[in-house]
Amino acid sequence: MSSNGNKTILISGGAGFIGSTFVMQMLATQSNLRIINVDALTYAGNLENLQSLEQDERHIFVHAEIQNTELMDSLCRQYEVEGIINIAAESHVDRSIHDASPFIETNIGGTVSLLTVARNLKLKKYVQVSTDEVYGSLDLNSDELFTEETPLAPNSPYSASKASADMFVRAFHHTHDVPAVITRCSNNYGPRQFPEKLIPLMILNAKESRSLPVYGDGMNVRDWIHVEDHCDAIWRAYEYGKPGEVYNIGSDNECSNLHIVHSILSILGKSTDLIQYVTDRPGHDRRYAIDASKAKRELGWAPRIPFEQGLQSTIEWYLEHPEWCEHILSGQYRDYYSQQYHRER
Ligand code: NAD
Ligand code: DAU
């Protein structure tokens, strides 16, 4: 507890898709919580996502890289931070295939930096927001699910960097007694997701009657969860997660990419002629599916948003926020920073 009576946590990546949802959701539901939000504002970071919090004194935004250990340390001291939730990452598989370097720097280097701070300051909790992709790929024709015991078998440079980070979390817990917990969630969807990812890309393309690029045969399967359900699980992992444990998070909602694309076209009343089959992603994982029973049992968590309802409201969000979409597509969202915030380094 900080001297001002608030509980203060440092979160990273709070201008991104999941991070911004997490910050807004937590400040709306946890009345004594203050959040120090560290984000480097890469191409995926967008301060327009945090517009509603401009007057909220419980939200302190810091434009910085998590690899800056000295700054992370001094922020935690200055604001009497109780714990860290590491959400920041380079998150897009296709970009990692093109160039793995930023993934090593942020996903591995950044994680080690924050773990070092948690160790030095003996913070109360550290949560690493990881991914189901660290488990590799499942057979399309099996009913096997990823459990927390599934061996790590990352296939893309992205998932290799996330799996490496998870190993550092494990090592810092084992060696330095950092009270660290790892969450591994399946594919998220919802408002404010950067339109390089399947669902927002397909919504925006369909809306403009542009072609919808489906990789390979379109039969790869992902297990979709609404971002708000994921954020609820992250908070419960922070509050109730047992140090040293891993919690899988998922919503029992396996869908092929083609099924998703057809659903979006149908909701928007567009023709399936817009579907364009394109060259497959190299090393493309075939199927992900999560067994989240441990999180349900031990964190008292359960997903609440049915997929059909969540997809409908997500599509509505993109239709109702043409400015957000236009600013992203034109690159204008990057100017928002210079108008709103000071750089803290
Ligand atoms: P995102 O790409 O939308 O956002 C990432 C944020 O991190 C951005 O705001 C970016 O500016 C920031 N960032 C990047 N490098 C940074 C650095 N060095 N220092 C500080 N900030 C930095 O990503 P997302 O989809 O919101 O994913 C967030 C986290 O959740 C990631 O760790 C990802 O691996 C994990 N995850 C994502 C999904 C998903 O489906 N999106 C599913 C499971 C887990
Ligand atoms: O499983 C969790 C992971 O989900 C997260 O860790 C990642 O950060 C997140 O990006 C996501 O990874 P995916 O690679 O599964 O998501 P993406 O939206 O890039 O792709 C979803 C599926 O859709 C995948 O099978 C590839 C396919 N796809 C994607 C795009 C962008 C297409 O067919 N066409 C496309 O244009």
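The values are calculated or read from the model by the stated rules, or taken from the named source; none is laboratory data. Everything numeric here is computed off the predicted structure, so don't read it as measured data. Positions of Cβ are backbone-derived with ideal geometry, glycine not excepted, and every protein chain shown enters the neighbour counts. The accessibility values were calculated without ligands, DNA or RNA, using every heavy atom of the protein model including side chains. Shrake-Rupley method; radii C 1.70, N 1.55, O 1.52, S 1.80 Å.
Observations on the structure shown:
- Exposure check, 1.4 Å probe, all protein chains in place: SER91 carries approximately 50 Å² of accessible surface.
- Entries of LYS7/LYS207; LYS7/LYS242; LYS270/LYS294; LYS162/LYS270; LYS7/LYS296; LYS122/LYS197 with Cα pairs more than 31 Å apart: LYS7/LYS207; LYS270/LYS294; LYS162/LYS270; LYS122/LYS197
- Above 23 Å, the calculated P(r) of the range 125-246 contains 41 percent of its Cα-Cα pairs.
- Largest GNM mean-square fluctuation among GLY244, GLY110, GLY331, using the chain with Cα springs under 10 Å: GLY331.
- Hydrodynamic radius of the range 24-145 by the Kirkwood approach over all distinct alpha-carbon pairs: 16.3 Å.
- For the range 284-315 versus the range 26-95, the inter-centroid distance based on Cα atoms is 25 Å.
- Heavy atoms of CYS255: accessible area, 1.4 Å probe, square angstrom to 10: 10 Å²
- When the residues TYR277, TYR79, TYR288 are ordered by accessible surface, computed with a 1.4 Å probe over the protein chains alone, the sequence from largest down reads TYR277, TYR79, TYR288.
- Surface calculation, 1.4 Å probe, protein heavy atoms: HIS259 sits at approximately 100 Å² accessible.
- The ILE97 and HIS321 beta-carbon pair, evaluated with R₀ = 25 Å, returns a calculated FRET efficiency of approximately 0.25.
- Across GLU245, GLU105, GLU65, the residue with the most accessible area heads the list, and the full order at a 1.4 Å probe is GLU105, GLU65, GLU245.
- For the chain, the mean residue ellipticity at 222 nm estimated from helices alone is -11500 deg cm²/dmol, where every DSSP H run of n ≥ 4 contributes -39500 (n - 2.57) and the total is divided by all residues, rounded to the nearest 500.
- Hydrodynamic radius (Kirkwood) for the range 7-340, which is based on Cα pairs only, to one decimal in Å: 20.2 Å
- What a 1.4 Å probe finds exposed on the range 7-340 is 47% carbon and sulfur by accessible area, rounded to a whole percent.
- FRET efficiency for ASP177 and ARG334, using Cβ-Cβ distance with R0 set to 35 Å, rounded to 0.05: 0.30
- Pairwise label distance in nanometres, ARG304 with GLU80, each label 7 Å out on the Cα-Cβ vector: 3.1 nm
- Aspartates and glutamates with Cα under 13 Å of LYS125, excluding same-chain neighbours fewer than 8 positions away: GLU82, ASP177, GLU239, GLU245
- More than 20 Å apart - percent of Cα-Cα pairs taken over the range 83-176: 39 percent
- Pairwise FRET efficiency - SER313 versus MET219, Cβ, R0 = 25 Å, nearest 0.05: 0.40
- Surface listing: THR21, THR116 arranged by accessible area from highest to lowest gives THR116, THR21, probe 1.4 Å.
- Label-point gap, in nm, between LEU268 and ARG210 - each point 7 angstrom along Cα→Cβ: 1.0 nm
- Segment ARG297..THR279, full-extension length gain: 2.3 nm, with 0.36 nm per residue of separation and the alpha-carbon distance subtracted.
- For the range 195-345, the extents of the C-alpha atoms along the principal axes are 48, 45, 32 Å, listed from largest to smallest.
- Nearest-ten-degree value, helix 17-29 long axis tilted from longest Cα axis of the chain: 60 degrees
- Mean Cα-pair separation over length for the range 7-340, i.e. relative contact order, pairs under 8 Å, 6 or more apart, %: 18 percent
- In this structure the chain gives 42 Å² per residue of accessible area when probed at 1.4 Å with all protein chains present.
- Selection from ILE315, THR279, SER266, by position along the positive dipole direction of the range 7-340 (Cβ): ILE315
- Net charge dipole, the range 7-340: roughly 600 debye, given to the nearest 20, about the Cα centre with Cβ charges of +1 for Lys and Arg and -1 for Asp and Glu.
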